[in-house]
1. Of all residues being among the hydroxyl-bearing types (Ser, Thr, Tyr) and in a loop (DSSP other than H, G, I, E, B) in region 428-477, which is nearest to ligand 2 (Cβ to nearest atom)? Just the residue, please.
2. Between a residue in region 277-294 that is outside the structural domain of Gly312 (by TED's automatic domain parsing) and any residue that is at pLDDT below 90, which pairs come within a Cβ distance under 7 Å, given they are 6 or more apart or on different chains?
3. Within region 85-108, is there a residue that is under 15 Å from Glu36 (Cα atoms), surrounded by fewer than 23 Cβ atoms within 10 Å (Cβ to Cβ) and charged (D, E, K, R)?
4. Within 16 Å of Lys80 (Cα to Cα) and either within 16 Å of ligand 2 (Cβ to nearest atom) or not assigned by TED's automatic domain parsing to the domain that holds Asp69 (or both), is that true of Ile151?
5. List the helices (runs of 4 or more DSSP H) inside region 32-102, counting only whole elements, that have at least 2 residues being among the aliphatic types (A, V, I, L, M).
6. Can you find a residue in region 383-391 that is within 24 Å of the chain's Cα centre (by Cα), under 30 Å from Phe354 (Cα atoms), more than 9 Å from ligand 1 (Cβ to nearest atom) and basic (Lys, Arg)?
7. Pick from Glu415, Glu374: which is surrounded by fewer than 12 Cβ atoms within 10 Å (Cβ to Cβ) and over 22 Å from Arg323 (Cα atoms)?
8. Of all residues in region 73-84 being buried (at least 24 other Cβ atoms within 10 Å of the Cβ) and within 15 Å of Leu158 (Cβ to Cβ), which is modelled with the lowest pLDDT?
Amino acid sequence: MSDNLSLSPREREPSERINDFEEVVKGYSEEEALKEASRCLQCKKPTCIEGCPVGIDIKRFIYHITQRDYLSAYKVIREKNDFPSICGRVCPAEYQCRRTCILTPPGRNVCSPKSINIPLLERFIGDWAIKNNVDISVSLKKKTEYKVAVIGSGPAGLSCAGNLIREGVEVSVFESLHTLGGVLSYGIPSFRLPRQILEHEIRYLKKMGVNFILNCLVGKTKTLEQLKQEGFDFFFIGTGAGTPLMLNIPGENLCGIYSANEFLVRVNLMKAYKFPKYHTPVNIGRKVIVIGGGNTAIDAARCALRLQKINGLEPCVTVVYRRTLQEMPSRIVEIEHAQQEGVNFKFLLQPQQFVPDANNWIKEVVFFECFLGEPDESGRRRPVIIPDKKVRLEADTVIVAIGLKANVSFSSTVEKLEVNRKGEIIVDPQTMQTSLDNIYAGGDAVGGEGTVIEAMGMGKKAALSILQRINRRSSGH
Ligand code: FAD
Ligand code: SF4
């Protein structure tokens, strides 16, 4: 490595890691963390902070690392972020703090390899705290008389709950699934985010006094009115974007075709890869096609490849995307990992129909060839179909990962709650308040598919607005 470039983390060999669901990236050793931290220029104007959606004082925590004062570094991060070990693993820092680091030349839309590897330093500190059982005594304020119900336990809900409990507000988090964490638990595979890390960070909130209620689909199991009758004064909706978009083309209901959500839930939550120890297998074919180009598509492809290996099959997984590698919304590092592991990629193909075999099982996918036209509203060049040019690819498993939209299981039950045409809840971006008094919202339920740290940022903003309201009421205004 040149001293000018950021230090790459240690990773498990692809040939080894595709046999299991254990973590791929090893992170920095102490020596490596010290070396990387020493590259930081300790800028007078630390532009890195502008790129962090929750405003961590990056310069200060890196300084403490250089002094080997890891406890102080941890405290600095925890001032703004409750989940350093999670964010240090999954944050798309290449488009955030690393992109705004002074070592990335201005005007680039992705970081330079020279920029400081901030997330790996954050992860080093978060993991150090876990390993050393560090329990910084967060001074909990005296209890207020107010109660808040948080609906959904993804990063938005957890961050909102953490920020409220610290200020003495009684918080209950209601989660429809049997497990906490939202996408962190059912979407992102354990080879990217080990579950013990997530469990540790959630345990911290439990210790602070957050009350968690599982298996409760708010809107059905309990209504908003019932929660009000139970004495809740304020509400935060963090129900995410868990409804899969489908292609709506012929044959989409054939056997062997999954939405990525269903596939990932079966693998991550129901532990399909541990069958027969867990009684929930997932059918995996010899030829898997994943349609899409985001994080979800890459995660599904890498899970499918591992399942093939575990089932003794020759790995054969192909991600098919309608634009090119350059426009893929997935994190670059995840695409590279998938390529190293043997996932194939095909570009500029748009699915036209699914073709069955005699048993109504998927046999073949027919695609239109495309070329790139003018940019669309996302700024990426639009794929244009060439109608008379078709490609046929064999497949016995297809995973559709073309996007997600808001989960409306709760919002659709709340009268007069304003949503946009996509079902996303409309909020005042300054306060995260919805069209209804005392009801706030954040995360993917508001902004559509986003990132973990953005969801956490919105959860925190809503918590601060609720706290202001509580303080005003407490002082008689
Ligand atoms: P979610 O995480 O979706 O959580 C919402 C929770 O609300 C869920 O647990 C759901 O069960 C619950 N819920 C819904 N309705 C109800 C109800 N009526 N009652 C009770 N509970 C309810 N972002 C990154 O930054 N980095 C990544 O590497 C990354 N990878 C991703 C990979 C995948 C496969 C996916 C799908 C997303 C990924 N993302 C990534 C995006 C990121 O995970 C999301 O932006 C983030 O989780 C949104 O958080 P949230 O709290 O708004 O919603
Ligand atoms: Fe260090 Fe980069 Fe932040 Fe400057 S901008 S303080 S070099 S991380």
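The values are calculated or read from the model by the stated rules, or taken from the named source; none is laboratory data. Just so it is clear, the structure is predicted and the values come from calculations on it, not from any experiment. Note: ideal-geometry Cβ built from the backbone for every residue, glycine included; neighbour counts use all protein chains shown.
1. We begin by selecting, within region 428-477, every residue among the hydroxyl-bearing types (Ser, Thr, Tyr); these are 431, 434-435, 440, 451, 465, 474-475.
From what is left, the residues that are in a loop (DSSP other than H, G, I, E, B) are 431, 434-435, 451, 475.
On the way: Thr431: 30, Thr434: 36, Ser435: 39, Thr451: 19, Ser475: 39 Å.
Only one residue fits best here, namely Thr451.
2. none
3. No: zero hits.
4. Working: within 16 Å of Lys80 (Cα to Cα): no; either within 16 Å of ligand 2 (Cβ to nearest atom) or not assigned by TED's automatic domain parsing to the domain that holds Asp69 (or both): yes.
Against the criterion (within 16 Å of Lys80 (Cα to Cα) and either within 16 Å of ligand 2 (Cβ to nearest atom) or not assigned by TED's automatic domain parsing to the domain that holds Asp69 (or both)), Ile151 does not qualify.
5. Numbers: elements: 58-66, 70-80, 84-90, 97-100.
Answer list for region 32-102: 58-66, 70-80, 84-90.
6. Step one: of region 383-391, the residues within 24 Å of the chain's Cα centre (by Cα) are none.
There is no residue in region 383-391 that is within 24 Å of the chain's Cα centre (by Cα), under 30 Å from Phe354 (Cα atoms), more than 9 Å from ligand 1 (Cβ to nearest atom) and basic (Lys, Arg).
7. Working: Glu374 fails: over 22 Å from Arg323 (Cα atoms).
Checking each option against the conditions leaves just Glu415.
8. Filtering region 73-84 down to residues buried (at least 24 other Cβ atoms within 10 Å of the Cβ) leaves 73, 77, 81-84.
This time we only want the ones that are within 15 Å of Leu158 (Cβ to Cβ), so: 81-84.
On the way: Asn81: 90, Asp82: 86, Phe83: 92, Pro84: 95.
Only one residue tops the list, namely Asp82.
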